[in-house]
Number of protein chains: 2
Amino acid sequence: MVPMTRFASATDITRTGENRYAVDLDPGYLIGAALNGGYLMAVLQQAALAESAHPHAVSSSYHFLSPGSGGPAEIEAEALKRGRTVSTVRVTLRQAGKAVATGTVATAALDPGAVPVFEAAPAGVPPIEQCRAFDPRADRASESGFIDRVDLRFAPETYALLTGGHSGATPELRGHVDLSARDGGPAEDPAAFVALAVDALPPVVSALTAWRWAPTVELTWHLRALPEPGPLAFRARADLVSDGWFDESVDLWDAKGRLVAQSRQLARLGR
Amino acid sequence: MVPMTRFASATDITRTGENRYAVDLDPGYLIGAALNGGYLMAVLQQAALAESAHPHAVSSSYHFLSPGSGGPAEIEAEALKRGRTVSTVRVTLRQAGKAVATGTVATAALDPGAVPVFEAAPAGVPPIEQCRAFDPRADRASESGFIDRVDLRFAPETYALLTGGHSGATPELRGHVDLSARDGGPAEDPAAFVALAVDALPPVVSALTAWRWAPTVELTWHLRALPEPGPLAFRARADLVSDGWFDESVDLWDAKGRLVAQSRQLARLGR
């Protein structure tokens with residue numbers, strides 16, 4: 001039997017009553033003093049799917065209300081709609097009675113054999129062999145932190161941006177993301193990993209300035225196809241950095257070159 | 001005194017109790033048998049802002065649960081977080097006890113004088129004088145319907161796509177959107193109109209096939225700057241049409257060329 005990845009055990013939930021679940025949040029997913037939002041979404045998604053007859057979280061919108069920390073948390077999951085094609089579940093994570101994150105998740109069944117009617121050309125992400133490991137958050141991450149959980153490889157021009165000057169740069173990052181081999185390697189359930197992957201990158205504004213903490217206010221992502229196991233290619237970009245706010249759009253492609261996820265978040269520029 | 005636009009009176013809400021509002025939904029915003037989602041968002045946004053100390057709905061994520069119809073409806077609006085910079089309000093619209101749409105809205109104060117740190121180049125939308133009025137939904141809209149409420153002008157290449165062949169087309173629409181002069185012209189509150197404008201276009205897949213009803217499952221939009229009064233330039237596009245689903249991303253720019261809104265929805269292809 002293959003041992004569970006740390007990701008699988010860290011997102012494992014226990015039903016405690018009607019519409020109620022418990023989880024022991026893993027401090028290994030901290031970035032500085034707060035749990036990564038992608039990790040929280042991956043946890044909440046388990047509860048949303050447990051309350052739905054449909055197998056896939058196709059559209060998930062989350063608002064982040066206060067920082068999450070390691071340790072026990074409770075989840076409330078309530079079906080708002082049970083449809084033949086789409087069901088909608090509201091999920092809220094609380095710690096010590098305080099709301100940490102709340103999401104609304106539309107579930108449905110994706111067809112693994114679907115052939116696109118139209119698909120935009122994928123971003124030119126170089127093969128993983130040409131990409132380099134680096135994380136600008138390393139200095140601030142706690143010792144047992146997030147950067148040990150997720151394996152990030154950046155395309156050469158992105159690597160140059162993150163490690164060197166930012167002058168005249170556009171906020172765009174490209175590369176590959178996977179679960180770290182240290183944690184047991186690729187996820188057993190590639191679709192579950194996507195919830196983490198859409199929020200696993202350093203803030204896209206790291207291409208403009210040195211890395212700073214950038215709290216996500218809202219993040220919506222859509223699962224568009226069921227990914228192959230293994231690393232996902234990513235392109236993150238921002239269209240507007242202004243007034244203390246920035247958008248970050250992340251697209252993910254699997255090894256077959258299929259667009260598997262589209263994400264956009266609105267976040268605050270850290271101080 | 002300037003008379004109210006129809007949009008302003010159609011989105012007027014009345015407080016009926018703690019966290020409760022009433023609205024008389026205007027059947028003039030029907031598209032076929034269902035009220036337009038942008039109109040419902042504009043109504044719900046009034047309730048979200050009424051429950052918040054911050055003046056602007058900066059990030060709004062909505063799930064559409066059942067079709068809305070003209071007539072009385074009630075709104076529940078509950079503050080999930082009251083922060084110094086950001087407050088978060090949940091809003092749900094019900095008709096005859098049935099949930100029609102639910103949203104989570106982050107509110108804050110945008111600075112009208114903000115100067116962007118970075119802004120992507122705007123889409124090349126031709127001046128409104130070069131654009132033509134047309135709505136592929138005209139055949140199916142009810143007589144007093146949505147196409148009388150919103151003035152849409154399409155760029156020449158978009159107009160050609162919508163009125164002619166679709167062979168080899170990419171799903172992208174460009175043009176300008178405004179309140180119809182028939183309804184009293186430009187909105188008194190340009191930021192209120194944006195909620196309607198992000199979902200006022202024919203489905204972007206109308207560029208690929210003849211217009212069909214395309215129910216929105218989820219729509220998130222971000223208000224990035226306070227618009228000047230008047231028409232907004234739009235670019236709508238889809239990256240993936242597959243498995244009965246499509247994404248539609250809509251960006252809006254005001255007369256000064258500023259990106260004022262970013263929207264993305266996930267919708268079903270109609271039959």
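General observations
- Per-residue Cβ neighbour rank within 10 angstrom, fewest leading, A:Tyr21, B:Tyr39, A:Tyr62: A:Tyr21, B:Tyr39, A:Tyr62
- Sequence-distant residues sharing a close amide H with B:Val217 (under 5 Å, placed H): B:Leu266, B:Ala267, B:Arg268
- Neighbourhood net charge (10 Å Cβ-Cβ; Lys/Arg +1, Asp/Glu -1) for A:Tyr39: -1
- For the range A:179-195, Karplus couplings with θ = phi - 60° (6.51, -1.76, 1.60), whole Hz, Gly/Pro x: 6, 5, 4, 4, 9, x, x, x, 5, 5, 10, x, 5, 5, 5, 4, 4
- Counting, for every residue in B:29-41, the Cβ atoms of other protein chains within 10 Å of its Cβ and taking the mean gives 0.
- Rounded to the nearest 10 degrees, the inclination of helix B:37-50 to the longest alpha-carbon principal axis of chain B is 30 degrees.
- Per-copy distances of the B:Met4 label point, shortest first, in nm (7 angstrom along Cα→Cβ): 5.6
- Along each principal axis, Cα extent of the range A:158-253, largest first, Å: 40, 27, 20
- Neighbour net charge for B:Ala8 - beta-carbon separation under 9 angstrom, K R +1, D E -1: -2
- The range B:1-124 shape via C-alpha gyration tensor axes, a/c threshold 1.5: prolate
- One Cα centroid belongs to the range A:164-223, the other to the range A:65-131; the line between them spans 15 Å.
- Exposure proxy ranking, count of Cβ atoms within 10 Å, fewest first, for A:Glu119, A:Glu51: A:Glu119, A:Glu51
- Placing unit charges on each Cβ (+1 for Lys and Arg, -1 for Asp and Glu) gives the protein assembly as shown a dipole about its Cα centre, and among B:Phe64, A:Thr220, B:Phe246 the Cα reaching farthest toward its positive end belongs to B:Phe64.
- Across the protein assembly as shown, Cα-Cα pairs more than 34 Å apart make up 34 percent of the total.
- Local net charge near A:Glu228, Cβ-Cβ under 10 Å (Lys/Arg +1, Asp/Glu -1): +1
- Sorted by Cβ density within 10 Å, fewest first, the residues A:Leu152, B:Leu80, A:Leu201: B:Leu80, A:Leu201, A:Leu152
- Taking amide hydrogens as placed 1.01 Å from N in the peptide plane, the amide H of A:Gly71 sits under 5 Å from those of A:Leu25, A:Asp26, each at least 5 positions away in sequence or on another chain.
- At 1.567 mPa s and 4 °C, Stokes D of the range B:27-98 from Kirkwood alpha-carbon radius, µm² per second: 99
- Teacher prompt: A:Gly32 distances to equivalent labels in other copies, 7 Å Cα→Cβ, nm: 4.8
- Per-residue mean of foreign Cβ neighbours for A:232-244 is 5 (Cβ atoms of other chains, 10 Å radius).
- Taking only Cα atoms of chain A, radius of gyration then Dmax in Å: 17.7, 54
- Label 7 Å beyond Cα on the Cβ vector: B:Thr163 copy-to-copy distances, nm: 5.6
Each value in this text was obtained by applying a stated rule to the coordinates, not by laboratory testing. Being a predicted model, the structure only gives us computed values, none of them experimental. Quick reminder, even Gly has a Cβ in these numbers, built from the backbone with ideal geometry, and neighbours come from all protein chains shown.
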